Amino acid sequence: MYAAGSGQPLLFLHGAGTFHGFEFAGKWTENFRVLVPYHPGFGESDDDPTMLDMHDYVMHYVELLDTLGIEKVNLVGFSLGGYLAARFAIEHRERVIKLALIGPAGLRDKDNPPADVLALSPEQLPPLLVSNFDVIKPHLPVQPDLDFIADRYREMTTVARLLWEKPWDRKLPRHLHRLKMPTLLLWGEEDKIIPSAQAKLWKSLIPAADVEIVGGAGHLVLDEKPEAVTSIARFLS
């Protein structure tokens, strides 16, 4: 887990891949104590094949906050981490000060289906993540070595264990009304992984949520647009 800054705690839950890093989170350290953990099965965290569904990950973060002695957090979740953050906030809303969901996964939207990332080849996926490929190009080796390939395979294996049989959460729509804390839904307008049009469905299920669509950005909106990072900081403040 990376930790920096001071102030109210901000817990960031990352998405299904970590190759592009978390440099954008540096802006948040100006006003918050920022915590960026790797989920089990991702990045520098160990594997845990006994964690089979999102509730297991929710309880993992309950235990983490208890271990750190943190009662309440500002919770920011991106993509897969947005789904996780929503589930955490539903089950433990008393521990969430404010909630920001960035291009969250988890809902079935028949009119605006997400891309099937598990069916994409390693070459097909990166261009779909951004509007401007130059943003992530520095994070992609010209000739990936075995370590880079193994890391990506390991993370996608973890994603498959969670989503292969249940690519969306059938019960999530009935519980999103429990999100009574201030909530922001933020999307890159050109998101090719989870279409920004899904914001309408999320908004219908979280009536008090604010929605912000960022132009000229794809799925990795925080990497592409500094103003998206600033919007999150402004909302949480």
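Derivation of every value follows stated rules applied to the coordinates shown; laboratory data play no part. Just so it is clear, the structure is predicted and the values come from calculations on it, not from any experiment. Neighbour counts run over all protein chains shown; Cβ positions are idealised from the backbone, glycine included.
Descriptive notes on the structure:
- Förster radius 45 Å - calculated FRET efficiency between ILE213 and GLU44 (Cβ-Cβ, nearest 0.05): 0.85
- Computed label-point distance, nm, for sites LYS180 and ARG161 using a 7 Å Cα→Cβ extension: 3.6
- Taken about its Cα centre, the chain carries a charge dipole of roughly 1040 debye when the Cβ of each Lys and Arg holds +1 and the Cβ of each Asp and Glu holds -1.
- Springs between Cα atoms under 10 Å define the GNM used for the chain, and in it the highest mean-square fluctuation of THR29, THR18, THR67 occurs at THR67.
- Counting only GluC sites (Glu not before Pro) that DSSP places in a loop and that have at most 11 other Cβ atoms within 10 Å, the longest clean stretch of the chain runs over 166-237.
- Within straight-line cross-link reach of LYS225, aspartates and glutamates at Cα separation under 17 Å, skipping those fewer than 8 residues along the same chain: GLU23, ASP134, GLU189, GLU190, ASP191, GLU212
- Positive-end ranking of ILE136, ILE102, LEU118 along the dipole of segment 101-152, with charges on Cβ about the Cα centre, is headed by ILE102.
- Extended-chain gain in nm, criterion 0.36 nm per residue less alpha-carbon gap, SER6 and LEU120: 37.1 nm
- Cβ-based charge dipole, the chain, positive-most Cα from LEU162, ASN74, PRO127: ASN74
- Gain in span if fully extended, ASP134 to TYR153, counting 0.36 nm per residue against the direct Cα distance: 4.5 nm
- Filtered chymotrypsin sites (Phe, Trp or Tyr not before Pro), segment 121-186: DSSP coil and at most 10 other beta carbons within 10 Å: TRP164
- Straight-distance candidates among the lysines for linking to LYS110, with alpha-carbon spacing under 17 Å and chain neighbours fewer than 8 residues away dropped: LYS166, LYS171, LYS192, LYS200, LYS203.
- Taking trypsin sites (Lys or Arg not before Pro) in DSSP loop states with no more than 12 other Cβ atoms inside 10 Å as exposed sites, the chain has its longest site-free stretch at 1-109.
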